[in-house]
Amino acid sequence: MISQKMEAAFNKQIKDEMYSSNLYLSMVAYFENLGLKGFANWMRVQVQEETAHAMGLFDYLISRDGKVQIDAIDKPPYEWSCPLECFEAVYKHEQLVTSLINGLVDVAEQEKDRAAISFLQWYIKEQVEEEANCSEICAKLRLIGDDRHALLLIDQELGARTFVAPVIE
Ligand code: FEO
């Protein structure tokens, strides 16, 4: 069994992960329209990752006899001025998600829910990786500036990303 406060906090995080998924789906469309298929591929994998994050919380809440309540998701933005601005938005968003996960752990600690604290360690580690990935891409995009040839090389590199379903436990 899980406390009501913890249940509400998990439901909020499920919604926030699904918002992340929709935000990145919006970015898939942005990059597809620019003809940058590799960037779009990177974002498609990100969409799958965020859905997996939401489902990890979803399944965990059910395993604790909690009640999942699916909430409405806000409309994400759909336009950015350039790939760098888009990836800076990803980086900023992932920093926000890190603070949300930390807040969720705070609730688990207040509730003395040791099982939830243990479960959420995976998400804490995942956020380190999430932030590092987009920070690295931002740095590369800053380095290349207006070099279109270099942009296409990054596009090729991002096109190689594949989705590996995470084992969240
Ligand atoms: Fe679900 Fe990108 O963190």
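The values are calculated or read from the model by the stated rules, or taken from the named source; none is laboratory data. Nothing here was measured: the structure is a model prediction, and the numbers come from that model. For the accessible areas, the whole protein counts, side chains as well, though only heavy atoms, and no ligand, DNA or RNA atoms are used. Shrake-Rupley method; radii C 1.70, N 1.55, O 1.52, S 1.80 Å.
For region 13-18, putting each phi into the Karplus relation 6.51 cos²θ - 1.76 cosθ + 1.60 with θ = phi - 60° gives couplings of 5, 4, 4, 5, 5, 6 Hz, in residue order, rounded to whole numbers and with x for Gly and Pro. Kirkwood hydrodynamic radius of region 1-145, from the reciprocal of the average inverse Cα-Cα distance over all distinct pairs: 16.0 Å. The long axis of helix 148-158 is offset from the longest Cα principal axis of the chain by roughly 30 degrees. For THR162, the accessible surface of its heavy atoms amounts to roughly 100 Å² (probe 1.4 Å, protein chains only, rounded to the nearest 10). Of the residues ILE70, ILE144, the one with the largest accessible area comes first in the ranking ILE70, ILE144, computed with a 1.4 Å probe on protein heavy atoms. When nucleic acids and ligands are ignored and a 1.4 Å probe is applied, ILE117 ends up with an accessible area of around 40 Å². Distance from the Cα centroid of region 1-19 to that of region 67-141 is 14 Å (rounded to whole angstrom). The solvent-accessible area of SER81, taken with every protein chain present and a 1.4 Å probe, is close to 90 Å². Shown in residue order for region 97-103 are the 3J(HN,Hα) couplings computed by the Karplus curve 6.51 cos²θ - 1.76 cosθ + 1.60 at θ = phi - 60°: 4, 4, 5, 5, 5, 4, x Hz (x for Gly and Pro). For the residues VAL128, VAL107, a 1.4 Å probe over the protein chains yields an accessible-area ranking, largest first, of VAL128, VAL107. With θ taken as phi - 60° and the Karplus curve 6.51 cos²θ - 1.76 cosθ + 1.60 applied, the whole-hertz 3J(HN,Hα) list for region 78-89 is 9, 9, 9, 7, 6, x, 5, 4, 5, 6, 5, 5 Hz, x standing for glycine and proline.
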